[in-house]
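The values are calculated or read from the model by the stated rules, or taken from the named source; none is laboratory data. This one's a predicted model, so the numbers in the text were calculated from it and none came from an experiment. Cβ coordinates were reconstructed from backbone atoms using ideal geometry, including for glycine residues, and neighbour counts include every protein chain displayed. Protein only, heavy atoms only, side chains kept; ligands, DNA and RNA dropped before computing areas. Shrake-Rupley method; radii C 1.70, N 1.55, O 1.52, S 1.80 Å.
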Number of protein chains: 2
Amino acid sequence: MKLTSKGRYAVMALVDLARFDSINPVSLRDISLRQGISLDYLEQIFSKLKKNQIVQSIRGTQGGYVLSKKPNEIKLTNIFHAVDEKVKTVQCKKESKKGCNGKATKCSTHNLWDELETHINSFFEKKSLEDLLKNNNDQRI
Amino acid sequence: MKLTSKGRYAVMALVDLARFDSINPVSLRDISLRQGISLDYLEQIFSKLKKNQIVQSIRGTQGGYVLSKKPNEIKLTNIFHAVDEKVKTVQCKKESKKGCNGKATKCSTHNLWDELETHINSFFEKKSLEDLLKNNNDQRI
DNA sequence: ACATACCTGACTAAAATGGTCAAGTATAGA
DNA sequence: TCTATACTTGACCATTTTAGTCAGGTATGT
């Protein structure tokens, strides 16, 4: 299972973007400064977000990024999927003869991970960027 | 967040142990053969399980391991905790001035990870070794 | 033309993962 | 008491992943 800083950065950056893109596109430089994330790393992340139609880019001076959809249409699932944070639990090796063979005698933990995956995914399906924005505003007093 | 093979192996091994320890202690060698997990690696894992009072060891010929508690008293939380599979999501760096500083202006994702952690932990709190045993027996026709 | 800002790919240090290897110690049974 | 079995401990290691850096681009508004 993977759920690391890259996914966290993606979410942080998108929350930041959502808060500032109402008037002008937001440059990665600004996000980098505000969120304390390396600019080079942000570029990698946004490249993926763009490929997955979560953001749009505007080149040139005063350019930057804008959300492609409304914050309530962007689920966390989409974000994690975009940056390759597969919310996948450890898989049983297909070749292994002992333990799991995918047939009648599945290994004892096979169903467990499937269940867990469903459980986690349902959490991320429900949460949208908008939910995080609200949450964030509440906190800033 | 960490949730890797070590945790999976620990659960697999304990399910195996629970199914065979009713009469005699079960040797790691047997578990290794049945589950296809390296004996040396199992020893590392069981050393931790023992420290956390999940299993007891019996040395000498015909020795092996036995569960310290009943299967329904061993929650998955206990197992993962024992083998250092911290179900902890990525943390905000404490030193970072931007983003999260732990005070009023928490970073936008801080609560998210807390929530997720609670969500996942509740899943593991509910599941006990006994649940997996049932599940496993059902499958073996 | 030039500054800004996106874009791309190669590279890398450090950590985590999933083990192996070696050298024990304890105990049951012959 | 000898010996085979099985637990115990700690060092070591190859590979992969992570979290970036670096070095170049290209596009565009002013």
Return the residue satisfying two criteria in turn: it lies in region B:29-43 and is within 11 Å of DNA strand D (Cβ to nearest atom), open to solvent by 20 Å² or more (accessible area, probe 1.4 Å) and in contact (Cβ under 8 Å) with a residue 12 or more places away in the chain, and of such residues it is farthest from B:ASP114 (Cα to Cα).
-> B:ASP30
Just one of the numbered conditions (1) under 14 Å from A:GLY7 (Cα atoms); (2) modelled with pLDDT under 95 is not true of A:LEU133; which one?
-> (1)
Among the residues of region B:46-90, count how many are within 14 Å of chain A (Cβ to nearest Cβ) and either within 12 Å of DNA strand C (Cβ to nearest atom) or farther than 14 Å from B:LEU17 by Cβ (or both).
-> 11
Taking into account only those residues within region B:91-130 that are within 17 Å of the chain's Cα centre (by Cα) and either modelled with pLDDT under 60 or hydroxyl-bearing (Ser, Thr, Tyr) (or both), which is least open to solvent (accessible area, probe 1.4 Å)?
-> B:SER128
Go through region B:44-78 and give me each residue that's open to solvent by less than 30 Å² (accessible area, probe 1.4 Å) and part of a helix (DSSP H, G or I).
-> B:ILE45, B:PHE46, B:LEU49, B:LEU76
Tally of residues being within 11 Å of another protein chain (Cβ to nearest Cβ) and in a helix (DSSP H, G or I) across region B:18-43 | 7
In region B:1-22, how many residues are surrounded by fewer than 19 Cβ atoms within 10 Å (Cβ to Cβ) and within 13 Å of DNA strand C (Cβ to nearest atom)?
-> 4
Matching entry among B:ARG8, B:ARG59 (being within 25 Å of A:GLU117 (Cβ to Cβ) and free of Cβ contacts under 8 Å to residues at least 60 places away in the same chain) | B:ARG8
